[in-house]
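Before any comments, here is the structure.
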Amino acid sequence: MQQAFLPIVAAALLACTLHAGANAAGVEVRYDASKIHSDAGDTAAQRERRLEALAEHLRTLGERRLPADRRLEVELIDLDLTGTVRPTHRLPGEVRVVTGRADGPHIELAYTLRDAGGATLASGRETLYDAGLPRLGELRDAGGGDPLRHEKTLLDHWFEARFGGEH
């Protein structure tokens, strides 16, 4: 009798855990790396790496900034990285050149913010762009640092503007 009872208890605990996970706070990010984005990379593998890095950044923002009873769903629709790619014969690969404010990053996304019960609190589709990015002081470390630092800064500003007062 006791052995028959244990699988039922285990199944009930698993169901509760799965249900709690579905409503847990955080950020869920979706994207399609196989889709050609404006300027996210020449190959699906390049796009996958870059989009996943931005998705991870959004998840980290959610962990730090969203209240425990909020869940944010984000779809990264399009990405245009900072600068313009210029082929070079002197160096292997490519060089990304920033000539002015028009070379700032662009990110198109859709989002839905939900409460613990699944009710929609806010949603929208936006194209993020900051004409002030990149700033000349940040370009001095062009050879080092995070190659997606401008795009992550843009996401930081958007997250703060949309959800900064939540936590």
Residue count, the stretch 38-50 (criterion: more than 10 Å from residue 81 (Cα to Cα) and touching a helix residue (DSSP H, G or I) at 6+ places or on another chain (Cβ under 7 Å)): 0
Subset of the stretch 30-57 [over 16 Å from the mean Cα position of the chain (by Cα) and hydrophobic (A, V, I, L, M, F, W, C)]: 36, 44, 45
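Yes or no, residue by residue, for (1) modelled with pLDDT of 90 or more; (2) assigned to a strand (DSSP E or B):
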| position | (1), (2) |
| --- | --- |
| 89 | no, no |
| 128 | yes, yes |
| 152 | yes, no |
| 156 | yes, no |
Among residues of the stretch 91-111, those that are modelled with pLDDT under 65 and in a strand (DSSP E or B), counted: 4
Test: residue in the stretch 53-62 that is in a helix (DSSP H, G or I), closer than 19 Å to residue 149 by Cβ and of a type in the set (Asp, Glu): yes
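The values are calculated or read from the model by the stated rules, or taken from the named source; none is laboratory data. These numbers come from a predicted model, not from an experiment. When we count neighbours, we look across all protein chains shown, and the Cβ atoms used for this are built from the backbone with ideal geometry, even at glycine.
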